[in-house]
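Report on one structure; see the data block that follows.
The values are calculated or read from the model by the stated rules, or taken from the named source; none is laboratory data. Fair warning: this is a prediction, and the values are worked out from it, not measured in the lab. In this analysis, Cβ positions are derived from the backbone assuming ideal geometry, glycine residues included, and neighbour counts consider all displayed protein chains. Note: accessible area is taken over every heavy atom of the protein model, side chains too, but ligands, DNA and RNA are not part of it. Shrake-Rupley method; radii C 1.70, N 1.55, O 1.52, S 1.80 Å.
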Amino acid sequence: MKLATLKDGTRDGKLVVVSRDLTRYCAADNIAPTLQHALDNWDELAPKLDALYRDVEHQACPTERFHEREAHSPLPRAYQWADGSAYINHVELVRKARGAEVPESFYHDPLMYQGGSDKFLAPRDDIPLKDTKWGCDMEGEIAVITDDVPMGVSSEQAADHIKLVMLVNDVSLRGLIPGELGKGFGFFQSKPASAFSPVAVTPDELGDAWKGSVIHLPLMVDYNGEPFGRANAGVDATFSLADLVAHAAKTRDLGPGTIIGSGTVSNQGPGGDPGKPVAEGGLGYSCIAEIRMIETIASGEARTRFMQPGDTVRVEMKDAEGHSIFGAIEQKVVEA
């Protein structure tokens, strides 16, 4: 099933069930007023939401037109948002960009940071930027939402706790990252509010594309209206999303509504090289930092600037038939 949260003037919005083709919705407030409420009572309420989803699909209940611009993040705020590093190719490139080595442990013990989750950007909200020197970058990612996850679960067990999947634009301020990491205490100011796709879907909606807790489809990132990234989320994933959930739960229980991100989706080139831009026949990149690193390697300096006010980014994923699965994140950078 497909779920969304519509803006209704409250902090947490109104839960709705959305048709598979993303054209219609039916309010689900008679079952659960918010998505967090549904996740808190998932075993009881998910079957009822799924029954409503089938009614929407069969046009057996009143529906209204679904407009992605009216959607908030599926969870407008969450008890927990932690972002991992499933794609080690991305880690290798961005660490090279700041002259840092990749420790051997990163290949079997994923990176993870805890992001701000008290307020997310809606999928069509502007990205506020106060200073262009901060180096504003987009990061196209996959994320999952869990139910209650017990401490110490294995990756196999964690897979059963993944209840919803969505897309992310994890905004990063690259100019602030080195200074923060240099303090030895992780990200904070360099990770402003993230944006998630208009719709979150249950894993079964992905069909055969959902294998091993990874989506085997290209993540489409457009920058200023041009194709920028088409990396396949099912390729070069060092860790699955279940691996990342298990990593987060190693020493603590995870509450329902916990969001775990994949990190930037990133593919190597066919020969193990960093790959080429889409304009040159490659799969491109899901963030600007990667292409800047490749430009630096090739010519000694980065040519692609970070995002400026007026720049736009679009993040979307389509199924094998070309239909949008989650709707699109569409954002413009504006002066804060």
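Only strands (runs of 3 or more DSSP E) whose full extent lies in the range 98-177 are considered here, and the ones with at least 3 residues that are open to solvent by 10 Å² or more (accessible area, probe 1.4 Å) are 112-114. Counting the residues of the range 217-248 that are assigned to a loop (DSSP other than H, G, I, E, B), in contact with a helix residue (DSSP H, G or I) (Cβ under 7 Å, 6 or more places away or on another chain) and not polar (S, T, N, Q) gives 3. Just one of the listed residues (T304, T296, T251) is open to solvent by 40 Å² or more (accessible area, probe 1.4 Å), more than 30 Å from A78 (Cβ to Cβ) and either outside any strand (DSSP E or B) or not assigned by the TED database to the domain that holds V144 (or both), and it is T296. Checking the structure you have, find out if any residue of the range 19-31 is of a type in the set (S, T, Y) and in contact with a helix residue (DSSP H, G or I) (Cβ under 6 Å, 6 or more places away or on another chain). Yes: the range 19-31 contains one or more residues that are of a type in the set (S, T, Y) and in contact with a helix residue (DSSP H, G or I) (Cβ under 6 Å, 6 or more places away or on another chain). Cβ-Cβ distances below 6 Å connect the following pairs, each with a first residue in the range 311-334 that is in contact (Cβ under 8 Å) with a residue 60 or more places away in the chain, a second residue that is among the aromatic types (F, W, Y) and open to solvent by 10 Å² or more (accessible area, probe 1.4 Å), and a separation of six or more residues or different chains: V313/Y223. Filtering the range 51-68 to residues that are among the hydrophobic types (A, V, I, L, M, F, W, C) and within 14 Å of A28 (Cα to Cα) leaves A51, L52, V56, C61, F66. When L45, L15, L22, L52 are screened for being in a strand (DSSP E or B) and either free of Cβ contacts under 8 Å to residues at least 60 places away in the same chain or farther than 23 Å from R77 by Cβ (or both), only L15 passes. In the range 1-30, the qualifying residues are those that are of a type in the set (V, I, T) and under 19 Å from H58 (Cα atoms), and the one that is most open to solvent (accessible area, probe 1.4 Å) is T23.
Filter the range 53-74 down to the residues that are of a type in the set (D, E, K, R) and either open to solvent by 50 Å² or more (accessible area, probe 1.4 Å) or over 30 Å from D126 (Cβ atoms) (or both) and list them by number. Passing the criteria: R54, D55, E57, E64, R65, R69, E70.
Every test in (1) open to solvent by 40 Å² or more (accessible area, probe 1.4 Å); (2) in a loop (DSSP other than H, G, I, E, B); (3) in contact (Cβ under 8 Å) with a residue 40 or more places away in the chain; (4) not assigned by the TED database to the domain that holds S194 is passed by Y79 save one, and that test is (4).
Considering G322, G281, G300, the condition of being farther than 22 Å from P192 by Cβ and within 22 Å of the chain's Cα centre (by Cα) is satisfied by G322 alone. Looking only at the range 267-293, count every residue that is open to solvent by less than 70 Å² (accessible area, probe 1.4 Å) and outside any loop (DSSP other than H, G, I, E, B) and tell me the total. Residues flagged as open to solvent by less than 70 Å² (accessible area, probe 1.4 Å) and outside any loop (DSSP other than H, G, I, E, B) within the range 267-293 amount to 8.
One line per residue, one yes/no per condition, for (1) in contact (Cβ under 8 Å) with a residue 60 or more places away in the chain; (2) in contact with a Gly (Cβ under 7 Å, 6 or more places away or on another chain); (3) of a type in the set (G, A, S):
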{"residue": "L219", "(1), (2), (3)": "yes, yes, no"}
{"residue": "D222", "(1), (2), (3)": "yes, no, no"}
{"residue": "P227", "(1), (2), (3)": "no, yes, no"}
{"residue": "A242", "(1), (2), (3)": "yes, no, yes"}
{"residue": "A248", "(1), (2), (3)": "yes, no, yes"}
{"residue": "R252", "(1), (2), (3)": "yes, no, no"}
{"residue": "G255", "(1), (2), (3)": "yes, no, yes"}
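The set of residues in the range 178-216 being of a type in the set (A, V, I, L, M), open to solvent by less than 20 Å² (accessible area, probe 1.4 Å) and not in a strand (DSSP E or B) consists of L206, A209.
Scanning for something aliphatic (A, V, I, L, M), touching a helix residue (DSSP H, G or I) at 6+ places or on another chain (Cβ under 9 Å) and at pLDDT below 95, does the range 267-290 turn up at least one residue? Yes, the range 267-290 contains a residue that is aliphatic (A, V, I, L, M), touching a helix residue (DSSP H, G or I) at 6+ places or on another chain (Cβ under 9 Å) and at pLDDT below 95.
Among the residues of the range 307-331, those identified as open to solvent by 40 Å² or more (accessible area, probe 1.4 Å) and over 30 Å from A209 (Cα atoms) are Q308, P309, G310.
A search for C-beta distances below 6 Å between a residue of the range 105-117 that is under 15 Å from A193 (Cβ atoms) and any residue that is among the aromatic types (F, W, Y) and open to solvent by less than 50 Å² (accessible area, probe 1.4 Å), counting only pairs 6+ apart in sequence or on different chains, returns G115/W81; S117/W81.
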